[in-house]
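Accompanying notes for the structure given below.
The numbers here are math on the coordinates, done by the rules we state, and not lab data. Just so it is clear, the model here is predicted, and its values are computed rather than measured. So basically every Cβ, Gly included, is an ideal-geometry build from the backbone, and we count neighbours across all protein chains shown.
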Amino acid sequence: MLRIAIDGPGGTGKSTIAKAIASRFGIEYIDTGAMYRSIALKSVREGVNPDDVDAVEEMLSRTTIDFADNHVYLDGEDVGGLIRTNEISMAASNISKLPVVRAKVDAVSKHIASIKSVVMEGRDICTEVLPDAEVKIFMTADPKIRAQRRYDQLVEAGKPADFDEIYADIQQRDYQDSHRDYHPLRQAEDAVFLDTSHMTIEENIEAIERIVKESQDNVEIQNTDN
């Protein structure tokens with residue numbers, strides 16, 4: 001079993017990097033952030049107030065989330081292209097604060113990781129979901145650089161973009177994620193810190209590959225000693 005847990009704030013490229021790492025090591029990629037975003041999308045569509053816990057619980061009782069071929073399915077619908085907007089990002093940050101929402105996502109995530117090798121990324125994977133993962137990484141980047149990356153992505157896709165608005169959203173989301181009462185974003189004590197501010201995607205991937213291989217080498221050495 002090889003479980004690679006990656007935590008960090010939004011906009012650091014965790015999803016892109018995790019997918020590449022999963023591919024290179026031939027293991028499953030699980031995007032927990034997509035689960036929260038999918039739940040947020042459904043809440044926005046149905047007008048469910050995240051402050052109304054009973055309404056959220058009722059919604060969750062008839063919600064299914066699944067992954068297949070790097071696609072996320074909400075109640076059987078491929079929503080990968082609908083959950084990456086700023087509106088859904090903020091909604092996900094709000095609704096993910098609820099213990100009932102995190103409990104649902106955590107249960108699904110833990111089950112998957114108990115039966116197969118995975119790369120899993122999110123906000124509390126190292127600290128809460130997979131505290132015994134073989135590899136733990138805390139990935140971050142300067143907020144302005146994350147905002148610029150997101151701005152460039154939107155412009156390249158031909159979508160409207162305002163840098164100041166994106167930057168403000170990232171700052172607000174960072175604050176919400178790190179100050180929520182339930183499972184706040186924080187670096188696990190045994191996680192490797194990785195600042196990607198001035199790294200290309202390939203450099204980032206190579207850095208994590210080295211971390212994983214060093215971890216595997218250490219395990220082999222320990223097994224030999226024993």
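Here 32, 64 are placed in order of increasing Cβ neighbour count within 10 Å, fewest first, which gives 64, 32.
The label-point distance for residue 186 and residue 51, in a model that sets each label 7 Å from Cα toward Cβ, rounds to 2.7 nm. Taking other C-beta atoms within 10 Å as the exposure proxy, 14, 19, 104 rank 19, 104, 14 from fewest upward. Taking the DSSP beta bridges with both ends in the chain, the antiparallel portion is around 25 percent. Kirkwood radius, the chain, all distinct C-alpha pairs, inverse of mean reciprocal distance: 18.1 Å. Electrostatic bookkeeping for residue 165 treats Lys and Arg as +1 and Asp and Glu as -1; over the other residues with beta carbon under 14 Å from its beta carbon, the sum is +1. When each full DSSP H helix of the chain is screened for a Cα extent of at least 15 Å along its own axis and an average Kyte-Doolittle hydropathy of at least 0.0, the helices passing are 14-25, 99-115. Hey, any idea what Rg/Rh is for the range 72-123, computing Rh the Kirkwood way over Cα pairs? Dividing the radius of gyration by the Kirkwood radius yields 0.99. FRET efficiency for the residue 200 to residue 71 pair, using the beta carbon distance and R₀ = 25 Å, is estimated at 0.45. For the chain, the tally of Lys pairs with Cα-Cα distances below 21 Å comes to 19, considering only residues 8 or more apart or on different chains. Each Cα pair under 8 Å and six or more residues apart adds its sequence gap; the mean of these over the residue count of the range 112-169 is a relative contact order of 23 percent. Which of 120, 35, 90 ends up with the largest GNM mean-square fluctuation for the chain, with Cα atoms connected below 10 Å? Of the options given, 90 has the highest mean-square fluctuation.
Before rounding to the nearest 500, sum -39500 (n - 2.57) across all DSSP H runs of length at least 4 in the chain and divide by the residue total; then give [θ] at 222 nm in deg cm²/dmol. It comes out at -17000 deg cm²/dmol, rounded to the nearest 500. Gap in Å between the Cα centre of the range 167-214 and the Cα centre of the range 122-152? Here the answer is 3 Å between Cα centres.
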